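Laboratory data are not the source of any read-out in this text; all were calculated from the coordinates shown. Nothing here was measured: the structure is a model prediction, and the numbers come from that model. Reconstructed Cβ throughout: ideal geometry from the backbone, glycine too, with neighbour counts over all protein chains shown.
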Amino acid sequence: MEGGKKLFGKVDQVKDQFYVATLFQFIGFFPCIPLQTYLVIDGTETEQGFHGFKLSMSAKSVFAAYLRAFSILIGGFTLIRGMVILLGNPEYHNEAPMTGVTNLVIGAFCWFVFGISYPLLAANAHRAAALAHILKNENQDLP
């Protein structure tokens, strides 16, 4: 399983300009330990790093990272489990079909939460202006 440091928890995005994200120590695709929050200049991300500016730790970004990771993990597990139950795997014959449907609904809801989290956590006009001000005043490149 791959690990290292990667940006997760993209929030307060202003399209084609910048966004806020937190650098995490990760394992696989799962963010483990939040290290530092950055204002990232959109389009500068490469495998070697990104350009942006340090911010104080953003609880919103950390929350978004964990919410999205758990949504994918739980959503995927429950969707697969629901399909296995409904398709009649003999191992699950004693479980009611409603359990399969319930798993499918939970899985679909988790993936819905994942998808809706991006527009819901976008920057409002006040936050976008504050971040743009930081971007204009700061002058340091990051790894």
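Report summary: the helix-based calculation at 222 nm, which adds -39500 (n - 2.57) for every DSSP H run with n ≥ 4 and divides by the residues of the chain, gives -16000 deg cm²/dmol. Think of the stretch 3-137 as a dipole: +1 on every Lys or Arg Cβ, -1 on every Asp or Glu Cβ, centred on the Cα centre; then among Leu7, Ala128, Ser61, Ala128 lies furthest on the positive end. At q = 0.17, 0.19 Å⁻¹ the log10 of I(q)/I(0) for the stretch 1-92 amounts to -0.73, -0.85, computed by Debye summation with a single uniform scatterer per C-alpha, solvent ignored.
Taking amide hydrogens as modeled 1.01 Å from N in the peptide plane, which residues meet the under 5 Å criterion relative to Cys32, leaving out close sequence neighbours? Here Gln25, Phe26, Ile27 satisfy the definition.
Taking amide H positions as modeled 1.01 Å from N, with prolines and chain starts lacking one, the residues under 5 Å from Gly52 and 5 or more places away or on another chain are Ile41, Leu142. Can you figure out the FRET efficiency of Ala108 with His133, using R₀ = 35 Å and their beta-carbon distance, to the nearest 0.05? For R0 = 35 Å, the calculated efficiency reads 0.30. Dipole size of the chain about its Cα centre, with +1 on Lys/Arg Cβ and -1 on Asp/Glu Cβ: approximately 320 debye, rounded to the nearest 20.
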